[in-house]
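Structure first, commentary second.
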Amino acid sequence: MINTNWLRDALLPEHGPPDDIYDLAVPIWCGESPEELAERLGDEYPCAYAAGFQEGLIMAMLRPEWAQGLFHRLRGYYLTTHTPEDLLDWERCAEETTRALPLSNADSVSESRETKLALKLLDQIDTPTERKGESR
């Protein structure tokens with residue numbers, strides 16, 4: 001049996017959020033335009049990066065507790081060879097992305113029970129300095 005699930009995505013209207021991610025988020029996070037990335041790393045790279053970004057958003061919304069846990073594991077991994085200041089690029093990219101892809105009130109949804117719980121847990125997470133016995 002041939003997998004034709006991709007056809008459903010092909011029928012979506014043009015210029016939707018996936019295009020915005022490709023055109024706006026990929027350059028922010030990769031530091032190069034999709035065209036430059038394609039030239040340097042192959043035509044499929046910017047598309048794969050955009051798809052991964054999109055699917056990461058979906059995963060973070062559907063399984064926020066898992067996404068947060070993996071984020072902390074990933075951050076810890078990067079801190080083995082980077083300083084906390086190096087990882088401020090993540091914050092800069094996140095801020096640039098929210099400015100490049102602004103949401104309107106119509107895009108907002110009421111917070112689910114899971115989202116409220118996840119936000120409450122985020123508020124309770126201690127920072128690395130607190131773990132060392134230092135206060136903020």
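The values are calculated or read from the model by the stated rules, or taken from the named source; none is laboratory data. Computed from a predicted structure; not experimentally measured. All Cβ positions, even for glycine, are placed from backbone atoms using ideal geometry, and neighbour counts span all protein chains on display.
Structural remarks
- Being under 19 Å from Leu103 (Cα atoms), in a helix (DSSP H, G or I) and either touching a helix residue (DSSP H, G or I) at 6+ places or on another chain (Cβ under 8 Å) or not aromatic (Phe, Trp, Tyr) (or both) is not true of Gly69.
- Residue list for region 21-40, restricted to those being part of a helix (DSSP H, G or I) and free of Cβ contacts under 8 Å to residues at least 24 places away in the same chain: Asp23, Pro27, Cys30, Pro34, Glu35, Glu36, Leu37, Ala38, Glu39, Arg40
- Within region 101-115, being part of a helix (DSSP H, G or I) and either within 19 Å of the chain's Cα centre (by Cα) or at pLDDT 70 or above (or both) holds for Glu114, Thr115.
- Residues of region 23-42 satisfying the condition of being of a type in the set (D, E, K, R) and either under 15 Å from Leu101 (Cβ atoms) or under 13 Å from the mean Cα position of the chain (by Cα) (or both): Asp23
- Among the residues listed as Asp20, Asp43, Asp123, the single one being in contact with a Leu (Cβ under 7 Å, 6 or more places away or on another chain) and either modelled with pLDDT of 95 or more or charged (D, E, K, R) (or both): Asp20
- Contact map, region 68-82: residues that are closer than 14 Å to Ile125 by Cβ and touching a residue at least 40 places away in the same chain (Cβ under 8 Å) paired with residues that are surrounded by 12 or more Cβ atoms within 10 Å (Cβ to Cβ) and aromatic (Phe, Trp, Tyr), Cβ distance under 6 Å, separation 6+ or inter-chain. No pairs are found.
- Some residue of region 40-62 being charged (D, E, K, R) and either in contact with a Cys (Cβ under 8 Å, 6 or more places away or on another chain) or surrounded by 13 or more Cβ atoms within 10 Å (Cβ to Cβ) (or both): no
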